[in-house]
């Protein structure tokens with residue numbers, strides 16, 4: 001099972017560009033809203049700032065140079081923190097007021113709040129389209145991988161949905177009940193959840209692919225549960241190594257996108273490993289049975 005699960009992971013990495021492509025498409029759509037929105041918001045902010053400076057001794061080029069200097073002074077060793085500070089209304093207002101020599105200018109405040117509000121809306125659009133790209137990539141990749149690992153009929157799909165819902169509700173309810181009775185049991189619940197997840201995954205896969213074809217005890221046993229857990233752990237570890245290598249060799253931004261694509265494939269393979277194992281075991285059992293019947297007829 002362990003070898004088969006790892007092979008499944010490497011074989012399905014060929015779909016790497018499917019989730020990566022849908023994520024990139026989502027980012028492109030998001031940027032098509034964000035960039036024009038940022039340009040418009042920045043132009044409006046510059047116009048409002050110029051109006052405030054009209055009665056001031058500070059000209060706009062001087063203010064612009066002052067803002068650039070203030071931006072460079074931020075801690076860019078922590079880029080996300082620096083960007084968050086740079087785009088905050090309080091920092092922008094304090095910086096502009098300090099350079100222009102004004103105190104709590106209501107015009108500055110109104111212009112800056114309008115700018116940050118517009119920026120947040122446009123960033124929300126970018127994040128929303130990126131999230132949609134991730135979701136679309138996940139389901140499209142899952143469909144492609146399922147065709148290779150554990151293709152289903154409509155009947156087995158409906159059976160899986162029913163069984164999966166019942167088992168998930170039962171497991172969640174049991175963990176919640178134990179935690180409510182005794183809070184420290186949450187740690188035991190996590191441990192038992194890992195075991196139960198493996199057991200239920202194998203049982204679910206047996207009901208869909210192995211029933212009447214192979215004995216239940218050959219599928220659902222402690223040895224197979226531990227093998228399934230070890231397989232999934234190895235797949236997650238391999239995914240983490242790949243992502244860390246990309247971050248180290250390229251940069252963190254590329255690492256994020258590569259990581260999302262690889263982890264989507266990893267989680268899909270993990271979710272289907274039990275089905276793939278049971279399906280393959282049941283097919284072998286059927287072949288042996290057919291070969292035995294043929295040999296009996298010949299003799």
Share of Cα-Cα pairs in the stretch 18-149 lying beyond 22 Å, as whole percent: 51
Ordered by packing density, taken as the mean number of other Cβ atoms within 10 Å over each peptide's residues, highest first, how do 211-217, 111-117 rank? 111-117, 211-217
Please order 108, 16 by the number of other Cβ within 10 Å, starting at the fewest. 16, 108
Within a 10 angstrom radius of the beta carbon, how do 71, 49 rank from fewest other beta carbons to most? 71, 49
Report the full-extension gain for the segment residue 90 to residue 67: residue separation times 0.36 nm, less the Cα-Cα distance, to one decimal in nm. 6.9 nm
Separation in nanometres of the label points that stand 7 Å from Cα toward Cβ, at residue 109 and residue 134: 3.7
So if we plug the beta-carbon distance of residue 213 and residue 241 into 1/(1 + (r/R0)^6) with R0 = 51 Å, what FRET efficiency do we get, rounded to 0.05? 0.85
Quick check: residue separation of residue 6 and residue 221 times 0.36 nm, minus the Cα distance between them. What number comes out in nm? 75.4 nm
Footprinting proxy, 45, 127, 80: sorted fewest to most Cβ within 10 Å, the residues are 80, 127, 45
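Values quoted throughout were computed directly from the atomic coordinates according to the rules given, and no laboratory measurement underlies them. Note that this is a predicted model, so its numbers are computed, not measured. As a convention, Cβ positions derive from the backbone with ideal geometry for all residues, glycine included, and neighbour counts pool all protein chains shown.
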